[in-house]
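Below you'll find the structure, written out as structure tokens, and then a few comments.
Values quoted throughout were computed directly from the atomic coordinates according to the rules given, and no laboratory measurement underlies them. Owing to the predicted nature of the structure, the values given are computational and were not obtained by experimental measurement. Here the Cβ is made from the backbone with ideal geometry for all residues, glycine too, and neighbour counts use every protein chain on show.
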Amino acid sequence: MKMHVGINVTDLQKSIQFYEKVFGIEPVTVRPDYAKFLLDSPELNFTLNLKDKVSGNQVGHFGFQVDDVDEVIHHKNRLEKLGFFAREEMDVTCCYATQDKFWVTDPDGNEWEFFYTKTTEHLQNSDQEGCCQNDHS
């Protein structure tokens, strides 16, 4: 089984360039109004669909959960070297867990998180309600 995510974009070429860098691969299909990336790890069929207008982030966010903090740092450094601004959040409490993470934003405002969950202890003294609020403008 492979997960599929399709997102709407307003500038196909800018989005292709962004996702080539984030995923580290080129799309397998490119048409005037469409592009498809097939990732092996994680198994993902990810498509870009050109639209005249996209109003903001249509989902909460997307993300990659990695195995350790070294992998978080590896991807952060890799993407910063490619010219991305990576917003770092280390040792934060989010979604009832303590995490190390960073965020990048695609050309249409969709946020991508690379994160490592350090602990999922019951966070009794947390003042958060549910999951993190993605107010990362």
Next item on the list: Answer yes if at least one residue in the stretch 28-36 is assigned to a strand (DSSP E or B), crowded, with 17+ Cβ neighbours inside 10 Å and not basic (Lys, Arg), and no otherwise.
Entry: yes
Note to self: Quick check on my filter: what residues within the stretch 50-67 are under 17 Å from the mean Cα position of the chain (by Cα) and either surrounded by 11 or more Cβ atoms within 10 Å (Cβ to Cβ) or farther than 19 Å from TYR116 by Cα (or both)?
What the structure shows: GLY56, ASN57, GLN58, VAL59, GLY60, HIS61, PHE62, GLY63, PHE64, GLN65, VAL66
Note to self: Considering only residues that are closer than 22 Å to LEU12 by Cα, of a type in the set (Phe, Trp, Tyr) and assigned to a strand (DSSP E or B), which ones fall in the stretch 54-112?
What the structure shows: PHE62, TRP103, TRP112
